[in-house]
Amino acid sequence: MRFANRRDAGKRLAEKLKGTIEGPVSVFALPRGGVPVGLEIAKALRAPLDLVMVRKIGAPGQPELALAAVADGEQPELVINEDVMRMTGATRDYLEREARAELAEIERRRHRYLAGRARAPVAGRTVIVVDDGIATGATMRAALRALRRGGPRELVLAVPVAPPDTLDRLRPEADRIVCLYTPEWFAAVGQFYDEFTQTTDEEVIQALAEAPPDREEEA
């Protein structure tokens, strides 16, 4: 299975989700690549679109080695790779300091993308968490845990493509997973797209502007 681009993937996911969602819905996308996918789902379900932002915390002296991931929210979620923690000798002080720095960067980006707009509701809603694909699942795990803390009625993970072993590891974090394609051979998310250029900040801002209003809040 291949996707023309992220919006094509979003439209196909939306078709799969239609008729399976109950109650009011909020869609949360991981920026930046998840936002065009999430926009198509939000439009199809007439739901508000928001961002759940996750930042990787690199190991001391090895910034590309993922020590942990932190996700924003009213109660930020920190997911630690304990094996990397032991292997690198990273201290809790280091971890907490880096987490504070990454949360500050998340807040800066949230302000740039959303300009102070209120967060989409989570409590009591069906919350759909979207990305353009998943490789290892570390950042998605942090995102799901952060949103779970908000008390959703149902937490749904929706992605176009991911390897089956990654989805197996994420199943305890979501109430339901909707994935269109689960290939055994998986090198990178981009291999399943004809067009996979980097989503820009401007495209994120435009997608959020195109998303439907929260009809439940308006009522």
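See the values below:
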item: Selection from the stretch 206-217 of residues that are in contact with a helix residue (DSSP H, G or I) (Cβ under 8 Å, 6 or more places away or on another chain) and either among the basic types (Lys, Arg) or assigned to a loop (DSSP other than H, G, I, E, B) (or both); result: Ala211, Pro212
item: Top-ranked residue in the stretch 156-200 [being of a type in the set (Lys, Arg) and assigned to a helix (DSSP H, G or I); ranked as farthest from Gly38 (Cα to Cα)]; result: Arg169
item: Single unsatisfied condition, Val161 versus (1) within 21 Å of Asn5 (Cβ to Cβ); (2) in contact with a Leu (Cβ under 8 Å, 6 or more places away or on another chain); (3) free of Cβ contacts under 8 Å to residues at least 24 places away in the same chain; result: (3)
item: Hits in the stretch 1-26 - residues which are surrounded by 24 or more Cβ atoms within 10 Å (Cβ to Cβ) and under 25 Å from Pro183 (Cβ atoms); result: Phe3, Arg6, Ala9, Gly10, Leu13
item: Odd one out for Glu203 among (1) closer than 30 Å to Arg119 by Cβ; (2) in a loop (DSSP other than H, G, I, E, B); (3) among the acidic types (Asp, Glu); result: (2)
item: Residue that is surrounded by the most Cβ atoms within 10 Å (Cβ to Cβ) [pool: residues in the stretch 35-61 that are over 17 Å from Arg119 (Cα atoms) and modelled with pLDDT of 95 or more]; result: Val37
item: Failed item in (1) among the aliphatic types (A, V, I, L, M); (2) in a loop (DSSP other than H, G, I, E, B); (3) out of contact with any Gly (no Cβ under 8 Å at 6 or more places or on another chain); (4) modelled with pLDDT of 95 or more, with Ala123 passing the rest; result: (3)
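The values are calculated or read from the model by the stated rules, or taken from the named source; none is laboratory data. Just so you know, these numbers come straight off a predicted model, no measurement behind them. Ideal geometry is used to build each Cβ from the backbone, glycine not excepted, and the neighbour counts take in all protein chains shown.
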